[in-house]
1. Report the one residue of ALA162, ALA151, SER46 whose Cα lies farthest in the direction of the positive end of the charge dipole of the chain (charges on C-beta: Lys and Arg +1, Asp and Glu -1; origin at the Cα centre).
2. What number comes out for the charge environment of ALA47, summing +1 per Lys or Arg and -1 per Asp or Glu over other residues with Cβ under 15 Å away?
3. For region 82-171, what's the relative contact order in percent, using C-alpha pairs closer than 8 Å and at least 6 residues apart?
4. Can you grab the distance from the C-alpha centre of region 13-45 to the C-alpha centre of region 94-124, Å, no decimals?
5. Can you tell which of PRO138, PHE3, ILE125 lies farthest toward the positive end of the dipole of the chain, using +1 and -1 charges on the Cβ of basic and acidic side chains (Lys, Arg; Asp, Glu)?
6. Let me have the relative contact order for region 15-171, percent, based on Cα pairs under 8 Å that are six or more residues apart.
7. Taking the Cβ of ALA87 as the centre, find all other residues whose Cβ is under 13 Å away and add up their charges (Lys, Arg: +1; Asp, Glu: -1).
8. Can you give the accessible area per residue of region 13-114, in Å², using a 1.4 Å probe?
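The values are calculated or read from the model by the stated rules, or taken from the named source; none is laboratory data. A quick note: this is a predicted structure, and the numbers were derived from the prediction, not measured. When we count neighbours, we look across all protein chains shown, and the Cβ atoms used for this are built from the backbone with ideal geometry, even at glycine. Surface accessibility is based on the protein's heavy atoms, side chains included, excluding ligands, DNA and RNA. Shrake-Rupley method; radii C 1.70, N 1.55, O 1.52, S 1.80 Å.
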Amino acid sequence: MSFLWYIIGTLLVAVIVFLTAFFSMKMFIQNDERKRLLELKKMNKSAIAPLRLQAYERMALFLERIDPNQLILRLNDGSARNAELRALLLSSIRAEFEHNLSQQIYLSSDVWTKICHAKEDTIRIINISSGKLADDAPGIELVTSILEETAGQSPVTSAMEALKEEIRLVF
């Protein structure tokens, strides 16, 4: 009987040693994985930071380029009629947006939504202003109507502020 207790005691000690070694190794491996993940995140952060900053810069430029005042100055040569100028303005906004579409992966969802709203509001203002006029009206009338519709408050202002705020938080 004492031999049986001896074997049970020995097995119990062996199981305890095995479990201790097993859990120690498991914790060591988990800590090692955690360290590797932290190092990887740190390396990614340093590599992604310039890309992210570039995305913020590009989106700030996008917002500036679709601002109705800037858009009109850049595209209005004075010879276009209402329908032609409207098509040119809308085409430019859409092309700029498509060119910068991939930048959304570096921005927060909130900022991206505000940028999309700014684009849509600008398009809406152009369409409303153009709709008030005949298609063959001089382009200057469309320009005047757009400027009256915005009345000193650009639709891109809130998106630009949100973008700047996010840049301050991230960098």
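1. Comparing the listed Cα positions along the dipole, SER46 ranks first.
2. Its environment carries a net charge of +3.
3. 44
4. 43
5. In the chain, that residue is PHE3.
6. 31
7. Here the charged neighbours net out to +1.
8. Per-residue value: 70 Å².
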